[in-house]
Every structure is written in structure tokens, then in C-alpha cells.
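Please read the structure below before turning to the comments.
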Amino acid sequence: MIIIPKVRGFICVTAHPEGCAAHVQAQIRYIQSLGRLQNGPKNALIIGASTGYGLASRVATAFGAGTSTVGVFYESPPEGGKTASAGFYNTAAFTRAARERGLYAKNLNGDAFSEEMKHRAVALIKNDLGTVDLVIYSLASPRRTNPRTGTTHKSCLKPVGAAYSSRTLDTGKKIVTDITIEPASQTEIADTVAVMGGEDWLWWIEALESGGVLAPGTRTLAYSYIGPEITFPIYRNGTIGRAKEHLEQTAHQINARLEPLGGGAFVSVNKALVTQASSAIPVVPLYISILYKVMKVKGLHEGCIEQMARLFYDRLYTGGATPVDGERRIRLDDWEMRDDVQAAVADIWPRISTENLDNVSDFAGYQKEFLRLFGFGLEDVDYEIESDPLKISGREAVI
């Protein structure tokens, strides 16, 4: 069948297997162009390994340092006439490429929030690798069932304390509009923290520690975002910001456990990028479209893989101390938050409209990056050739 993108709101419900493979290969080539990552991790567990920063982390460590990797994710295999999810195809492509180069790569597909998945991961690591010395926590989910209470929490993207009015971008209709979002209730705030905060990250570390599979000197990372004042009401000062604050507080708790053993816990604050998660946040796609324009003009633009290359090559595995701010955060958003970059964004923000969207922003680049998440728009893929969405076997993506 000819597979075409079918976009519903902020998600694409189809994915292209060859396109996803090409996207993964492009990331691999970039990392290989940088040479060997010295002092890199030996064995890594990546929780949320199939898309975005989690996938890029896996590529950077495996193909930069030869790291053995275990990936945990929740992705849908192909079924009937439906394609698999992009993350499923990404993982299949990564796993094939890793094994072709003699690298260890195994995967666990299921609910990462569950106790069962933690037990499965511990058993796999203990049996195959003995221990891990890097744990990446990169989950992005709209809901979480707490395995200890049975309660299902659903996150929301709302301001806290007062309604928020701003400009936003309807990416499907390509229209700049005004939006007002009512403030979250205390229950909605608590639910968002339960889904996107640090509780599950801590429980993963506790499970790995009690299972005896954390090596001395283990480092663990979670990913976050702060952003500029333009997005503060819906992001940093909103429900998702409350969750990120909890994530950062949890990093201190985990660091207290790992530091005596020569390890540490960090939160990496990354730049704004087009991801499946960021596409769902009101206001943010418009900000990203402007930011891309500004950073590309200044020669500062990075995607997920470039960000992760800076993280691992220039910050985390240099052989010296990892540079952090006062909250033990690694600031990979430093280029985004440069004064000249933010001044240029702030100049464009009040005058952007539907009519001048293409001129004063990089909406075309935004759209391109969005479709690439699902395997579309890759230059070296012929999308006119029929593709079999079922040809990727489950064995390539899961154990």
C-alpha cells in the first residue's frame, strides 16, 4: 500500500516504516561523524526509548560509545491494514542497525509505569548485562495508572491560578488565533504532577537498586524544559511546570542515593523542539515556529540528536565535572535562551499573523519536522513506492 500521512489534530495516525528507518539512520550517521565518545557508559537503560530525546539518547550512546542498551517503551505493532506507531518502527530500525554492528540492543514493550515492567527490566539486565551505569528517564504520556493505588491520573495543559490568554497556532488550518485557557483545579494540578513528575523515576531507581543492577558510579538523567516568559503561563508556571518542578526535586532525592557511590542524578533542560509532546501544548507550536526562524538565521538550530550529542560529548562524559546550574540542571537550552535570540523572538511575537506566518516564522520547518517524526518527508525515501506496514516483525522491536 501507499502510506500517506493522516494528521488528526496534533498527532499523525500513520507512520512510514522506511521513512522511520531513514530518520533513525540519519541520526546514526550524525553521531558517527563525531567520532568515538570517550569515557561513555557501558550499559544503559532508556525508559521512553522509541521517539524524541529518548531515541536520540539511545542512538548517541550506542553509536557513539558502543553502549549496550535496553529500551523500554509502549508502542503499537502493525495490525491488519494499520501501520505500527512511529516509535515501533523507530525501535525496529535502531535494533537492526545496532545488531548489524555487533551492539547489544534489547527492548521491552509495555507500560513503563507498572511494577511488572520494572521487574522485567531488572531481570533482563541481571541476566544479560549484570548492571547498568546509565539510566535515562524520558517518558511522555498523557496518563498514568499508579500501580500501588490503582488510580489512573490524566495530565492536562492549563495555567495555574488565573486564566491565560495568548496567541496560538492551529497547525492543521495554518491559522494564528487568540486563545483563552481556564486555570486548572487543584485536582488537575495533582494529576498532572502524578503523571509527569518524578515519582515514577524514583520508583525505577529504587527497583533497579533493590534488584542489584545499578553499577557503582551510575548516572541517571531526566529531561525538562523551562522556556521564555512568552510561554511561562502555559508551561513553566502551568500544570506541566508544576510537574517539572517535582521532577527536579526528585533529582535531588535520587542524587543523594547515588552520589555516595560515585554517581549522580541530573535534569537536562533542553531546547524547544517539535516532538509529539510539544505539538499538543497550546501556544508552544507558534513559539517554536518563530524560534526556528531565529535560530536558523543565527546558525544555532539543533534537533534532538544534536542536543543529545552536546549532552553526552560536551557535558556528561568529558572526563571532568558535569557543568550544572544552582539546581543541578544541565542547561542545553543555553543557545535558545541567549539574549539576542529571545530579543528577536520577542520582536516577532506581537506582530505575527496568519497572513505573515510564512515570512516571519519557520512554520514550513515546523511542519517538516512534525512529519519526520512519523517517517514522512525524508529526502532519500520514495513515498510513491508501495510499502508493507506489516513487514516489521515483532521480534525486531520487542523480546
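The values are calculated or read from the model by the stated rules, or taken from the named source; none is laboratory data. In this text the structure is predicted, and so the values were computed from the model without any measurement. We place every Cβ from the backbone using ideal geometry, glycine too, and count neighbours over all the protein chains shown.
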query = Which is in contact (Cβ under 8 Å) with a residue 40 or more places away in the chain and in contact with a Phe, Trp or Tyr (Cβ under 9 Å, 6 or more places away or on another chain), of VAL381, VAL360, VAL341, VAL294?
reply = VAL341
key: Test set (1) in contact with a Leu (Cβ under 9 Å, 6 or more places away or on another chain); (2) farther than 30 Å from ASN39 by Cβ; (3) not charged (D, E, K, R) - TYR317 fails condition number   = (2)
key: the stretch 260-317, residues that are out of contact with any strand residue (DSSP E or B) (no Cβ under 6 Å at 6 or more places or on another chain), part of a helix (DSSP H, G or I), at pLDDT below 95 and surrounded by fewer than 23 Cβ atoms within 10 Å (Cβ to Cβ)   = PRO260, SER278, SER279, ALA280
Segments classed as helices (runs of 4 or more DSSP H), wholly inside the stretch 147-259, with at least 2 members that are farther than 30 Å from SER289 by Cβ and among the acidic types (Asp, Glu) = 199-210
Checking HIS119 against (1) over 17 Å from the mean Cα position of the chain (by Cα); (2) farther than 16 Å from TRP204 by Cα; (3) touching a residue at least 12 places away in the same chain (Cβ under 8 Å); (4) exposed (fewer than 15 other Cβ atoms within 10 Å of the Cβ), the condition it does not meet = (2)
message = Given (1) farther than 30 Å from MET337 by Cα; (2) without any contact (Cβ under 8 Å) to a residue 60 or more places away in the chain, identify the lone condition not met by VAL213.
response = (2)
note = For the stretch 318-335, the count of residues that are polar (S, T, N, Q) and surrounded by 20 or more Cβ atoms within 10 Å (Cβ to Cβ) equals 0
ask   = Just to be sure, is ARG58 buried (at least 24 other Cβ atoms within 10 Å of the Cβ) and out of contact with any helix residue (DSSP H, G or I) (no Cβ under 6 Å at 6 or more places or on another chain)?
value = yes
query = Is there a residue being part of a helix (DSSP H, G or I) and either among the hydrophobic types (A, V, I, L, M, F, W, C) or under 24 Å from LYS244 (Cβ atoms) (or both) anywhere in the stretch 135-144?
reply = no
note = Residue hits (the stretch 78-94; more than 20 Å from the chain's Cα centre (by Cα) and on the phi < 0 side of the Ramachandran plot) are PRO78, GLU79, GLY81, LYS82, THR83
note = If you go through VAL70, VAL59, VAL24, VAL7, the only one that is within 22 Å of ASN127 (Cβ to Cβ) and of a type in the set (A, V, I, L, M, F, W, C) is VAL70
ask   = ASP380 is checked against (1) modelled with pLDDT of 95 or more; (2) out of contact with any Pro (no Cβ under 8 Å at 6 or more places or on another chain) and fails just one. What number does that condition carry?
value = (1)
Single residue of SER57, SER76, SER50 found to be of a type in the set (Gly, Ala, Ser), in contact (Cβ under 8 Å) with a residue 24 or more places away in the chain and assigned to a loop (DSSP other than H, G, I, E, B) = SER50
task = Please tell me if ALA97 is part of a loop (DSSP other than H, G, I, E, B) and either within 30 Å of ASP170 (Cβ to Cβ) or over 19 Å from the mean Cα position of the chain (by Cα) (or both).
result = no
message = Looking at the stretch 122-135 only, could you name the residues that are crowded, with 16+ Cβ neighbours inside 10 Å and touching a Phe, Trp or Tyr at 6+ places or on another chain (Cβ under 8 Å)?
response = LEU129, VAL135
query = What residue, of ARG167, ARG96, ARG144, is under 26 Å from HIS16 (Cβ atoms), in contact (Cβ under 8 Å) with a residue 12 or more places away in the chain, of a type in the set (Lys, Arg) and touching a helix residue (DSSP H, G or I) at 6+ places or on another chain (Cβ under 7 Å)?
reply = ARG96
query = Only one of (1) in contact with a strand residue (DSSP E or B) (Cβ under 9 Å, 6 or more places away or on another chain); (2) at pLDDT 95 or above is not met by THR149, so which one is it?
reply = (1)
key: Verdict on LEU45 being closer than 13 Å to ILE28 by Cβ and in contact (Cβ under 8 Å) with a residue 12 or more places away in the chain   = no
query = Which of the residues belonging to the stretch 345-368 are among the hydrophobic types (A, V, I, L, M, F, W, C) and part of a loop (DSSP other than H, G, I, E, B)?
reply = ILE352
